[in-house]
1. Looking at (1) in contact with a Cys (Cβ under 9 Å, 6 or more places away or on another chain); (2) free of Cβ contacts under 8 Å to residues at least 40 places away in the same chain; (3) not β-branched (Val, Ile, Thr), can you tell me which one His184 breaks?
2. With the condition being of a type in the set (D, E, K, R), I'd like the helices (runs of 4 or more DSSP H) fully within segment 120-233 carrying at least 3 qualifying residues.
3. Regarding Leu66, is this residue surrounded by 15 or more Cβ atoms within 10 Å (Cβ to Cβ) and either at pLDDT 80 or above or among the small types (Gly, Ala, Ser) (or both)?
4. Among the candidates Ile245, Ile191, single out the residue that is buried (at least 16 other Cβ atoms within 10 Å of the Cβ), among the β-branched types (Val, Ile, Thr) and within 19 Å of Leu65 (Cα to Cα).
5. Being over 25 Å from Leu169 (Cβ atoms) and assigned to a helix (DSSP H, G or I) narrows it down to one of Leu65, Leu22, Leu50, so name that one.
6. So which of Gly52, Gly81 is surrounded by 14 or more Cβ atoms within 10 Å (Cβ to Cβ), at negative phi and at pLDDT below 75?
7. Would you point out which residue out of Glu32, Glu2 is more than 14 Å from the chain's Cα centre (by Cα) and either surrounded by 16 or more Cβ atoms within 10 Å (Cβ to Cβ) or of a type in the set (Asp, Glu) (or both)?
8. Out of contact with any His (no Cβ under 8 Å at 6 or more places or on another chain) and not in a helix (DSSP H, G or I): is that true of Pro8 in this structure?
Amino acid sequence: MEPMGYHPSTFNTFAAVMIGYLVNAGVPRLGEVVKCTILSRYEKVRADRLVGTIVMERAVDVVCLLIVFIAAMVYQWHVIGDFMVTSFQNFFQDKTGETSFTKIAITLGSVVVFFIILYTILKKFAHINAVAKIKEILKGVLHGLSSIRLIKHKGAFLFHTVFIWVLYLLSTTLGIYALQETAHLGFAGGITTLAVGSVGMIIAPGGIGAYAFLVAKLMKLYGLDEETIGTALGWLLWSVQTIIILIGGLIFFALFSHYNKNKHIVNKQEEQIINETI
């Protein structure tokens, strides 16, 4: 945010992230809105430009997740390769089992049509207040995205990005070692579980249900019992993550109000001293 002229406090920024995680556990992506709203209110940062930085963060996360998937395929192709190929083929096959070029064309065409319609609406109906507001938000988002090339501490940004994902991987692997039946999967199993589990966290609120389901299916590919070992590992990993998010989010939610209340009092006292001096 610094390249855009904003200097929010470290505490408020970190607290906003933790509160955002807490909200996301209940309603997906709402936490991003809450995070922007909090910082916009207490740090006088434009919310639309904050959205751009969050989109940038998510774009980087997507790249990291792709790297994890690639690593999983490289190290565990003999386990998940056939399953992935079969699933992809089934999606683009017709009832006879042949590749459906119609499905492929519809998928690609839908994406193209969406962007054409969006561009047309923004260009031809810019005089409408609602459309003009959307354009203004999109400009703010693009401005925020451009901040990635202006980051003052690129090395620190890269280090913390990698560090976060390494911790994701280590925590997942630790969970695998926690069960005697899955301990033999080791680090390689941690990579595939992280990849599959991340999908579960995306498709369901807080990953509830979906995370454990996908991990259980993955354990089946490793030759383990899906209903017992697979489900147990899935719920174990999901429960630990969720408990951390709930505890951290609630603690910082309480501290956030206290911190900014005291900060407001201090600012008022400083203003009073300055006025008296003048």
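The values are calculated or read from the model by the stated rules, or taken from the named source; none is laboratory data. Since the model is a prediction, treat every value here as computed from it, not as a measurement. For neighbour counting, all protein chains shown are included, and Cβ atoms are generated from backbone atoms with ideal geometry for every residue, glycine included.
1. Here His184 meets the rest and fails (1).
2. 129-145
3. no
4. Ile191
5. Residue meeting the stated conditions: Leu50.
6. Going through Gly52, Gly81 in turn, just one is surrounded by 14 or more Cβ atoms within 10 Å (Cβ to Cβ), at negative phi and at pLDDT below 75: Gly52.
7. Of Glu32, Glu2, the one residue that is more than 14 Å from the chain's Cα centre (by Cα) and either surrounded by 16 or more Cβ atoms within 10 Å (Cβ to Cβ) or of a type in the set (Asp, Glu) (or both) is Glu2.
8. yes
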